[in-house]
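Colleague: Here you go, one structure.
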Amino acid sequence: MRSLAAATTLAVLFSSAALTATPAFADSVKPVSAIEDAADTVVDGTHQRVFISDPSTNQIAVTDGTGAVIGTLTGLPQVRDLTLSPDDGTLYAAVYGADKIVAFDTATLAQTAEYATGTGTIPSRLAYADGKLWFGYGDQWDSDLGVVDLTAETPTVTLGLAVGHDFATPPALYADPDNPGTLLALDTGISSGPIVVYDISSGTPVLKVTEDKGGFYKDAALTPDGQNVVVAGPGTRALTEYRLSDLAEVRTYPVPSNPLTVSVAPDGTVAATVLDTDDVGDTYVFPTDASKPVNVRNLSHDWMPGGHLTNWTADGSKLFLVTDTYYTPQFRVVDEPRKYAATLTVNAPATAPRAKTLTVSGTLTANLALPAGTPVTVTRTDLESPNGKSLGTKSLGTGGKFSFTDVPPAGAKVTYTVTYAGDAEHTGATASDTVDVSRATPTLTLNNNGKVYSYGQDVKFTAHLGTTYKNRTVEIWANPYGADKPNTLVKKGTVNSDGNLSVVVDLKRKTELTAKFAGDSRYAPRSVVSKVGAKVSISTSVSGAYKTKYTWNHTYYFFRQSKDPIVTATLPPYGGRTQLLQVQYWSGTSWVTTYREYFKLDSAGKSAVQLTGTPPKGVRFRVRNSYVSGSGDSVNTTTYGSWKYFTFTS
C-alpha cells in the first residue's frame, strides 16, 4: 500500500531540500503559468516558499525563491488575502467565495482546518495577532471586522467588532508580534476612509486612534518593530510613514506617480511600486539614510498591479515582486535591491568603413552618481573574433559619459559591448551597440546563363571567384522548375588556383543555378544566377499505313482513303502536360496548316490522335507534335518535334 499523504509530504520536503542547494540567480523573471491573476502574496522564510493567491482560478500557487511553481492549493473559490502564523507553520487564506477561512500546513501543504465565517460574510482581509485571526468581511457599507479565536479549545468566530467606525469596505488589516495588543485597519474604498488603530489586548477591539489620511489606500506595511506603518495611498507623494500610537507623520517617501504596493525589510528599507504610465521606473527602494537618493528600477514595462504583491525575503536580502497580472503573472527577483541600479547606454555609428577610425560613446548613470574615472571594460565581437576581443578599460568622464575610438579590422556586423562590474553601492550593467562595417564586393560569375540544352544533356557549369580575404569556398545550387523538385546543393568546395569550381548537371528541365559565396571578414557575401533552358524529348509515330516509301525528299507513309491514320506523341510525363498537334498540306508552292490543336498527355506521357475524314488522293500531308512552354506547364523550353509525311491512295 502507498500512502498518498506520505508521498506528498516527502515530495514537498524534497523540493525544499533542493531549493536550499540551488544557487541564487541575479534579477530573474519567471512566468507563473499556473495562475491567471494575483491578489496577495506572502513569503514563508522558514520553508523558502512564496504563496500567491489567485481568485480567478480559485487556487494558491506555491513557488520557490525563483518563482518556479512547486505546488498548488486548489478548490478555494475567489481566494483573497493570505497571512502566516508567526512561526511560518500555518498559512491562512480568506476564501471569499465560500464564506470561510482555510488553514494549511506550510511544510506539507495539507489543509489542517477551516473556519466558517457565516453565510454571506465573504471574508477578504486577514491578519494574525495575539493568537487570533482577525478578518475584514462584507461588501461596501455592510463591511465589518471579525475574529477567529485560535486559542480556544474549539476555535470560535465572532462578527461585528468594528467598534467606533462604520467601514465603507472590508478593512485591510495589519499586526506585528513585536507590537502586541495592536491591530491596524485601513478603510481602503473611500476617499474619506481613515486609518484606524485598535487596542486588542483584551481580546475585544477598542478604538485607540483614528485619522483620515486621504483614503483609497492601495497597500501598507508595518516597520520591523511594529510601531509604525508605511502606507501607499493616492497621489504622487502619498507613500508616507505614520506612528501607530498617534498616527503622526514620521517620514514621506516621494514617488513620481501613484504608489501601488509597499514592503519594509527587517532593517527598515522601504520598497514600493508605482503606476508607471511613462515606462521610466516602477520599483523604488528608499535607503534607511534619508539623505541618500531613492533607487529606481524599471522592471515590468506594464502597469504594476495593486495589492500586496511586493515582499522582501525573510532575511531582507532580496526583493520579490509579482507583476503583469493582467496577462500571465511574472515572478521577479531583485537580487541586490539596496544597490543603486546602474543604467548603461552605448551609441555607435550605424555604418562605418572597414579599417577606418570610428567613435563609440555612451553614459553610465545611477541615482547615486558614479564618480569620474570609474572604469568600464570594452569588448569587440566580429567575424575575426566571434568570442569577443578585449579592447581594455575605459574611464568615465563627467556626468557618467565615456567615449573611445577603434579601427575595426573586420567588416559585417561589429558589436561593441561595454561592461560595468558594479561596486559596493551600485549594480553591474552591460550594454552594447552594433555597427554595420562595410566589406568589399567580390567578383563572382557563373557561366551558361540564357543557354538552352537538349533534354537530358550533361552540362558543365563553372563558378569563378575573384580575390577574397580568407574564405575561398563556393556553393553551386540547382533549382529545377516545378514544385516537385527542390533547390539542391550540387557542389560545394574550395575553388582551384584559377578561382574556379565546376559541376556537371543533367538537365531535364529549365533550371536556375546559383553560385553562392558566404563572404569573409573583408569581402561581402555574394550570389549570382544562371538560368538555362532544357528541351523535352518528343517522338512521333504514325500507324495504319500500308507501306512507306522515300519520295519527294522524305519518307512518306501511304494510306488507303478508307484508313484513318493514328498519330501518337510520346513526351516525358508531367502533371497537366499537353502536346500541340499540327497538320499541313503541300499547296504546290508551300506547306499550309489545315489543323492545330492541343491534346493532354496521359500519365505515361502519351497522346494518340486519329485523323478522320475522307482525304483527297495524291495530296501530300505532314504532321508533327510539339511541346509549347506555358500551354500546360512551363518546366521545359518550347520544343518542336520532327515532321512525319503521308499521303492517300485509293
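Colleague: Kindly establish whether Asp144 is closer than 24 Å to Asp225 by Cα and charged (D, E, K, R).
Modeller: no
Colleague: Further question: In the list Ala127, Ala162, Ala185, which residue meets the criterion of being in a loop (DSSP other than H, G, I, E, B) and either touching a Lys or Arg at 6+ places or on another chain (Cβ under 9 Å) or not assigned by TED's automatic domain parsing to the domain that holds Pro224 (or both)?
Modeller: Ala162
Colleague: Identify all residues within region 603-639 that are of a type outside the set (A, V, I, L, M, F, W, C), outside any loop (DSSP other than H, G, I, E, B) and in contact with a Leu (Cβ under 9 Å, 6 or more places away or on another chain); write none if there are none.
Modeller: Lys606, Ser607, Arg624, Asn625, Ser626, Tyr627, Thr639
Colleague: Asp149 is checked against (1) surrounded by fewer than 20 Cβ atoms within 10 Å (Cβ to Cβ); (2) acidic (Asp, Glu); (3) farther than 23 Å from Phe104 by Cα; (4) touching a residue at least 24 places away in the same chain (Cβ under 8 Å) and fails just one. What number does that condition carry?
Modeller: (3) is the only condition that Asp149 fails.
Colleague: State yes or no: is Val346 in a strand (DSSP E or B), buried (at least 18 other Cβ atoms within 10 Å of the Cβ), at pLDDT below 95 and of a type outside the set (Gly, Ala, Ser)?
Modeller: For Val346, the condition - in a strand (DSSP E or B), buried (at least 18 other Cβ atoms within 10 Å of the Cβ), at pLDDT below 95 and of a type outside the set (Gly, Ala, Ser) - is not met.
Colleague: If a residue counts only when it is under 28 Å from Asn295 (Cβ atoms), which strands (runs of 3 or more DSSP E) contained entirely in region 197-270 have at least 3 such residues?
Modeller: Passing ranges, in order: 219-222, 228-232, 239-243, 249-252, 259-264.
Colleague: Further question: Only one of Thr578, Thr570, Thr551, Thr540 is exposed (fewer than 15 other Cβ atoms within 10 Å of the Cβ) and either outside the structural domain of Thr638 (by TED's automatic domain parsing) or hydroxyl-bearing (Ser, Thr, Tyr) (or both). Can you tell me which?
Modeller: Thr551
Colleague: When you go through Leu222, Leu207 one by one, which is the residue that is touching a Gly at 6+ places or on another chain (Cβ under 7 Å), among the hydrophobic types (A, V, I, L, M, F, W, C) and over 30 Å from Ala369 (Cβ atoms)?
Modeller: Leu207
Colleague: Also, I was wondering about something else. Could you tell me how many of the residues in region 356-375 are part of a loop (DSSP other than H, G, I, E, B) and either under 18 Å from Thr345 (Cβ atoms) or not hydroxyl-bearing (Ser, Thr, Tyr) (or both)?
Modeller: Number of matching residues: 10.
Colleague: Please go through region 363-377 and pick out each residue that is under 30 Å from the mean Cα position of the chain (by Cα) and buried (at least 20 other Cβ atoms within 10 Å of the Cβ).
Modeller: Within region 363-377, Leu364, Ala366 qualify.
Colleague: A follow-up question, please. Looking only at region 223-230, decide whether some residue is on the phi > 0 side of the Ramachandran plot, surrounded by fewer than 20 Cβ atoms within 10 Å (Cβ to Cβ) and in contact with a strand residue (DSSP E or B) (Cβ under 8 Å, 6 or more places away or on another chain).
Modeller: Scanning region 223-230, I find at least one residue that is on the phi > 0 side of the Ramachandran plot, surrounded by fewer than 20 Cβ atoms within 10 Å (Cβ to Cβ) and in contact with a strand residue (DSSP E or B) (Cβ under 8 Å, 6 or more places away or on another chain), so the answer is yes.
Colleague: Listed residues Ser539, Ser543, Ser587, Ser562; which is at pLDDT below 95 and farther than 30 Å from Val495 by Cα?
Modeller: After applying the criteria, what remains is Ser562.
Colleague: Of the numbered conditions (1) over 43 Å from the mean Cα position of the chain (by Cα); (2) touching a residue at least 24 places away in the same chain (Cβ under 8 Å), Thr108 satisfies every one except a single condition; which is it?
Modeller: Tallying (1) over 43 Å from the mean Cα position of the chain (by Cα); (2) touching a residue at least 24 places away in the same chain (Cβ under 8 Å), Thr108 fails exactly one: (1).
Colleague: Those residues that are in a loop (DSSP other than H, G, I, E, B) and over 13 Å from Pro171 (Cβ atoms), I need them from region 140-152; list them, please.
Modeller: Listed by number, the residues that qualify are Leu150, Thr151, Ala152.
Colleague: Can you list residue pairs whose Cβ atoms sit under 6 Å apart, with the first residue in region 376-396 being in a strand (DSSP E or B) and the second being of a type outside the set (Lys, Arg) and at pLDDT below 95? Count only pairs 6 or more apart in sequence or on different chains.
Modeller: Filtered contacts from region 376-396: no entries.
Colleague: May I pose another question? Looking at (1) free of Cβ contacts under 8 Å to residues at least 60 places away in the same chain; (2) touching a Ser or Thr at 6+ places or on another chain (Cβ under 8 Å); (3) not β-branched (Val, Ile, Thr), can you tell me which one Asp142 breaks?
Modeller: (2)
Colleague: Scan (1) over 60 Å from the mean Cα position of the chain (by Cα); (2) without any contact (Cβ under 8 Å) to a residue 40 or more places away in the chain for the single condition Glu597 breaks and write down its number.
Modeller: Only one criterion is unmet by Glu597, namely (1).
Colleague: Same structure, new question: Suppose we filter Ala412, Ala463, Ala431 for residues that are in contact with a Lys or Arg (Cβ under 7 Å, 6 or more places away or on another chain), more than 24 Å from Thr638 (Cβ to Cβ) and surrounded by 14 or more Cβ atoms within 10 Å (Cβ to Cβ); which single one remains?
Modeller: Ala412
Colleague: For region 225-249, give me the residue count where each residue is charged (D, E, K, R), under 13 Å from Val196 (Cα atoms) and in contact with a Phe, Trp or Tyr (Cβ under 8 Å, 6 or more places away or on another chain).
Modeller: Adding up the residues that qualify gives 0.
Colleague: Based on what the data block shows, is Tyr217 hydroxyl-bearing (Ser, Thr, Tyr) and touching a Ser or Thr at 6+ places or on another chain (Cβ under 7 Å)?
Modeller: Criteria met by Tyr217.
Colleague: Limited to region 490-501, what total is found for residues that are in a strand (DSSP E or B) and either surrounded by 11 or more Cβ atoms within 10 Å (Cβ to Cβ) or of a type in the set (D, E, K, R) (or both)?
Modeller: Qualifying residue count, region 490-501: 6.
Colleague: Additional query: Does any residue of region 269-292 turn out to be modelled with pLDDT under 95, among the hydrophobic types (A, V, I, L, M, F, W, C) and more than 29 Å from the chain's Cα centre (by Cα)?
Modeller: For region 269-292, residues modelled with pLDDT under 95, among the hydrophobic types (A, V, I, L, M, F, W, C) and more than 29 Å from the chain's Cα centre (by Cα): present.
Colleague: So if I check each of Ile60, Ile101, which one is under 35 Å from the mean Cα position of the chain (by Cα), closer than 23 Å to Ala220 by Cβ and surrounded by 20 or more Cβ atoms within 10 Å (Cβ to Cβ)?
Modeller: Answer to the check: Ile60.
Colleague: Please indicate, with yes or no, whether at least one residue in region 63-76 is touching a Gly at 6+ places or on another chain (Cβ under 7 Å) and outside any strand (DSSP E or B).
Modeller: Checking region 63-76: not a single residue is touching a Gly at 6+ places or on another chain (Cβ under 7 Å) and outside any strand (DSSP E or B).
The values are calculated or read from the model by the stated rules, or taken from the named source; none is laboratory data. Predicted model, so just to flag it, every value in this text is computed and none were measured. With ideal geometry, Cβ positions are generated from the backbone for all residues, glycine too; neighbour counts draw on all protein chains shown.
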